[in-house]
1. Could you check segment 1-29 and list, in sequence order, the residues that are in contact (Cβ under 8 Å) with a residue 40 or more places away in the chain and charged (D, E, K, R)?
2. In segment 50-58, is there at least one residue being of a type outside the set (Lys, Arg), touching a residue at least 12 places away in the same chain (Cβ under 8 Å) and closer than 11 Å to residue 6 by Cβ?
3. Looking only at residues in segment 42-77 that are of a type in the set (D, E, K, R), open to solvent by less than 90 Å² (accessible area, probe 1.4 Å) and in a helix (DSSP H, G or I), which one is modelled with the lowest pLDDT?
4. Out of all the residues in segment 2-41, which are closer than 27 Å to residue 61 by Cβ, open to solvent by less than 70 Å² (accessible area, probe 1.4 Å) and part of a loop (DSSP other than H, G, I, E, B)?
Amino acid sequence: MNYYEILGLKKNCSNKEIKRKYKKLAKINHPDKGGDQEKFKQVSQAYTVLSDYNTRIKYDNNYNLEYYETYVNPFDLFEEVIRK
């Protein structure tokens with residue numbers, strides 16, 4: 001789950017942008033106001049992680065690692081080095 005996509009933000013966004021976007025999406029998706037409860041949970045979770053500097057750094061590092069492990073085959077990199 002990409003928290004930046006959930007909030008509709010870029011990775012280099014500021015904390016002010018994160019807070020503003022969270023408030024907007026939380027208001028729209030709040031279950032008491034007829035919003036989608038599942039979406040509200042996702043938005044809240046994304047805000048919790050991205051609004052705190054330390055958890056955001058950990059998330060960014062783990063997300064990049066997960067992307068690397070999922071989409072990059074280390075043997076492809078090895079073969080590319082051998083060809084050069």
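1. Answer for segment 1-29, where residues must be in contact (Cβ under 8 Å) with a residue 40 or more places away in the chain and charged (D, E, K, R): just 11.
2. Among the residues of segment 50-58, at least one is of a type outside the set (Lys, Arg), touching a residue at least 12 places away in the same chain (Cβ under 8 Å) and closer than 11 Å to residue 6 by Cβ, which makes the answer yes.
3. To start, the set of residues in segment 42-77 that are of a type in the set (D, E, K, R) comprises 52, 56, 58, 60, 66, 69, 76.
This time we only want the ones that are open to solvent by less than 90 Å² (accessible area, probe 1.4 Å), so: 52, 56, 60, 76.
Cutting the leftovers down to in a helix (DSSP H, G or I) gives us 56, 60, 76.
Working: 56: 89, 60: 87, 76: 50.
Applying the filter and picking the extreme gives 76.
4. Matches in segment 2-41: 2, 8, 9, 13, 14.
The values are calculated or read from the model by the stated rules, or taken from the named source; none is laboratory data. Computed from a predicted structure; not experimentally measured. Positions of Cβ are backbone-derived with ideal geometry, glycine not excepted, and every protein chain shown enters the neighbour counts. Calculation scope for accessible area: heavy atoms of the full protein, side chains included, ligands and nucleic acids excluded. Shrake-Rupley method; radii C 1.70, N 1.55, O 1.52, S 1.80 Å.
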